[in-house]
1. Mean separation of Cα pairs under 8 Å and 6+ residues apart, divided by the residue count of the chain: what relative contact order is that in percent?
2. Given axes a ≥ b ≥ c from the Cα gyration tensor, I'd like to know whether the chain is rounded (a/c under 1.5), prolate (a/b larger than b/c) or oblate.
3. Given the DSSP H assignment, sum -39500 (n - 2.57) over each helix run of at least 4 residues in the chain and divide by its residue total; what's the result at 222 nm in deg cm²/dmol, nearest 500?
4. Which of 27, 13, 41 ends up with the largest GNM mean-square fluctuation for the chain, with Cα atoms connected below 10 Å?
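What follows is calculated from the coordinates using simple rules that are stated; it is not laboratory data. Keep in mind that what you see is a predicted model, and the values were worked out from it rather than measured.
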Amino acid sequence: MAYVISDDCIACGTCIDECPSEAISAGDKYSIDADKCVDCGTCASVCPQEAIHEG
């Protein structure tokens, strides 16, 4: 199951730099492409807002 980013995201960019599959897209609210996500959890572990969780 892919990870998702909640509305708690502050668009700091930390998760993008850590994603090994380049599944995260920047914007006002960041998003994770479920087809690219490899379910590793790295993004969730580095998120300072704890805004990323399993979807």
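1. Details: 97 pairs, mean separation 27.7, N = 55.
Reported as a whole number, the value is 50 percent.
2. Working: a/c = 1.38, a/b = 1.32, b/c = 1.04.
The shape class here is rounded.
3. Values: 2 runs with 10 residues, N = 55.
Helix-only estimate at 222 nm: -3500 deg cm²/dmol.
4. Of 27, 13, 41, the Gaussian network model singles out 27 as fluctuating most.
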